[in-house]
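K.L.:
Right, I'll just put the structure down here and ask away after.
The values are calculated or read from the model by the stated rules, or taken from the named source; none is laboratory data. A quick note: this is a predicted structure, and the numbers were derived from the prediction, not measured. Cβ placement follows ideal geometry from the backbone for every residue including glycine, while neighbour counts extend to all protein chains displayed.
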């Protein structure tokens, strides 16, 4: 059975390779072509065009300084987005909306001078040194991220590599910066720069004229408008009998005509287009935060939106029916959760009481900690740093990093013993997980160590795979510098794909047969 599973796994891998067409990124990576005044935008994996990326795009599109730029937007439904952008007058001949993961997408991603993303580009993409990549990320974390995600310490792989590729990363507060540095383990090795700046999407909260226009347009002037924005729980919630539509409808009915309750479900929730009797969906012609800025209050659960909305000083109500289960399954940052100043309801009846009995809230200490960079000019500030700097700003992390390869079964105690013997000033453990991850099932201290990943499955063209495979075999017999150097360019390209712009020093390994990224200039590891 094990043989059949292995064959099935390999066939599935070949199928995925053919689907990804990763070899196109290889061809583009060395062609020396850069489209100088071109920006590629991607938000939420192309599933929607909202948030920080949208506001940066809009600012660039409307600014005469960038009238000669070309703007490319990656989206899963190009025709739908094109129609929306036409209605908003946010598209002209400078703008091209392309299908995510299409041939055109791969071509544009590999050649655009500027890249703006709020999540991660796919594992096949190889960033060119001449490209400038801004990762805005998409929220201040309450839930565990990176190495602290429960039950899957390797889930952070692609986000980590994107941060290491990025030239600029936005951190709206010290908590977010700390999570980037510690839980994505980029502290001390990040070649790029973390920008202390407010989120571009929060700029709209400081535009009073915009707020008044929206309130007048949608008849909110004499009403108390509240927006309900729950997070996507995924598998973390076990509220099988919980129907958010029924509950929020009941709440809207009880609040009466002086209130208007709007609803925006997470894009992954099927209720996003629900027809309500008492509630309302947010207007389709507005980006979420454009409408949120016109409201008088926010209802959410664990979503990072409350960190953003806090810059307004308006009322925030939390509803957390599955609080104990959710926190246990997903995990949250305790030092943040314990200091949340907003009323927390366990039932919608409690939520109703909180809304009707609390006139106004005061949480200036929370604002100083999490909103201190927010302001009307945040979007322009980010743009000026990225597009107006003649010389790209870099961090001081230019020392080479030694890699210690873990591709063998190991326990917590053995791992800690190994770490205690490492003499390198800067290093990372590199785990090479097999499909079952069986080697590492006894490790429970991932949240205490710094590591990167090198998953099996080199991104080499067929001819390259054959050549590198033969070179590895020859190297087992002859220790030749010529054979070693013949592998070098493939190893360095794979290193760029996997770990971005970091400078690799020595590689220490116990095994001889290694993924290509780890097989050049390897030293035997005796620890």
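K.L.:
Going by the structure shown, is residue 330 out of contact with any strand residue (DSSP E or B) (no Cβ under 6 Å at 6 or more places or on another chain) and more than 25 Å from residue 375 (Cβ to Cβ)?
P.N.:
Here the answer is no, as residue 330 does not meet what is asked.
K.L.:
If you don't mind, another one. If I filter region 408-451 down to residues being in contact with a helix residue (DSSP H, G or I) (Cβ under 6 Å, 6 or more places away or on another chain) and not in a loop (DSSP other than H, G, I, E, B), which single residue comes out as surrounded by the most Cβ atoms within 10 Å (Cβ to Cβ)?
P.N.:
Looking at the filtered set, the residue picked out is 446.
K.L.:
Turning to a different aspect of this structure: Could you tell me whether region 506-516 includes any residue that is under 34 Å from the mean Cα position of the chain (by Cα) and part of a helix (DSSP H, G or I)?
P.N.:
Within region 506-516 (the criterion being under 34 Å from the mean Cα position of the chain (by Cα) and part of a helix (DSSP H, G or I)), the answer is yes, since at least one residue qualifies.
K.L.:
Taking region 208-230 as the region of interest, how many residues are surrounded by 14 or more Cβ atoms within 10 Å (Cβ to Cβ) and either modelled with pLDDT of 95 or more or out of contact with any helix residue (DSSP H, G or I) (no Cβ under 8 Å at 6 or more places or on another chain) (or both)?
P.N.:
Of the residues in that region, 13 qualify.
Here's the yes/no breakdown for (1) crowded, with 20+ Cβ neighbours inside 10 Å; (2) over 16 Å from the mean Cα position of the chain (by Cα); (3) at pLDDT 95 or above; (4) not assigned by the TED database to the domain that holds residue 496:
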{"position": "41", "(1), (2), (3), (4)": "yes, no, yes, yes"}
{"position": "51", "(1), (2), (3), (4)": "yes, no, yes, yes"}
{"position": "73", "(1), (2), (3), (4)": "yes, yes, yes, yes"}
{"position": "80", "(1), (2), (3), (4)": "no, yes, yes, yes"}
{"position": "99", "(1), (2), (3), (4)": "no, yes, yes, yes"}
{"position": "109", "(1), (2), (3), (4)": "yes, yes, yes, yes"}
{"position": "119", "(1), (2), (3), (4)": "no, no, yes, yes"}
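K.L.:
Give the residue, chosen from 227, 220, that is within 25 Å of the chain's Cα centre (by Cα) and either closer than 30 Å to residue 244 by Cβ or not assigned by the TED database to the domain that holds residue 265 (or both).
P.N.:
The match here is 227.
K.L.:
Could you list, in sequence order, all residues of region 341-376 that are surrounded by 13 or more Cβ atoms within 10 Å (Cβ to Cβ) and in contact (Cβ under 8 Å) with a residue 60 or more places away in the chain?
P.N.:
348, 351, 352, 355, 369, 370, 371, 372, 373, 374, 375, 376 - these are the residues of region 341-376 that are surrounded by 13 or more Cβ atoms within 10 Å (Cβ to Cβ) and in contact (Cβ under 8 Å) with a residue 60 or more places away in the chain.
K.L.:
How about region 239-341: which helices (runs of 4 or more DSSP H) wholly inside it have at least 2 residues that are within 25 Å of residue 199 (Cα to Cα) and modelled with pLDDT of 95 or more?
P.N.:
288-292, 305-309
K.L.:
Considering only residues of region 130-146 that are within 20 Å of residue 499 (Cα to Cα) and under 14 Å from the mean Cα position of the chain (by Cα), which is surrounded by the fewest Cβ atoms within 10 Å (Cβ to Cβ)?
P.N.:
Among those that are within 20 Å of residue 499 (Cα to Cα) and under 14 Å from the mean Cα position of the chain (by Cα), it is 145.
K.L.:
Select from region 343-381 the residues that are closer than 23 Å to residue 226 by Cα, out of contact with any helix residue (DSSP H, G or I) (no Cβ under 7 Å at 6 or more places or on another chain) and either in a loop (DSSP other than H, G, I, E, B) or at pLDDT below 95 (or both) and list them in ascending order.
P.N.:
347, 357, 358, 359, 360, 361, 362
K.L.:
Follow-up question, since we're still on this one. May I ask you to list the residues in region 148-182 that are more than 13 Å from the chain's Cα centre (by Cα) and assigned to a loop (DSSP other than H, G, I, E, B)?
P.N.:
149, 150, 151, 152, 153, 154, 167, 172, 173
K.L.:
Let me spell it out: the conditions are (1) in a loop (DSSP other than H, G, I, E, B); (2) within 24 Å of residue 415 (Cα to Cα); (3) in contact with a helix residue (DSSP H, G or I) (Cβ under 7 Å, 6 or more places away or on another chain), and residue 458 meets all of them except one. Which number is the exception?
P.N.:
Here residue 458 meets the rest and fails (2).
K.L.:
Among the residues of region 295-310, are any surrounded by fewer than 16 Cβ atoms within 10 Å (Cβ to Cβ) and either more than 27 Å from residue 204 (Cβ to Cβ) or within 22 Å of the chain's Cα centre (by Cα) (or both)?
P.N.:
No, region 295-310 contains no residue that is surrounded by fewer than 16 Cβ atoms within 10 Å (Cβ to Cβ) and either more than 27 Å from residue 204 (Cβ to Cβ) or within 22 Å of the chain's Cα centre (by Cα) (or both).
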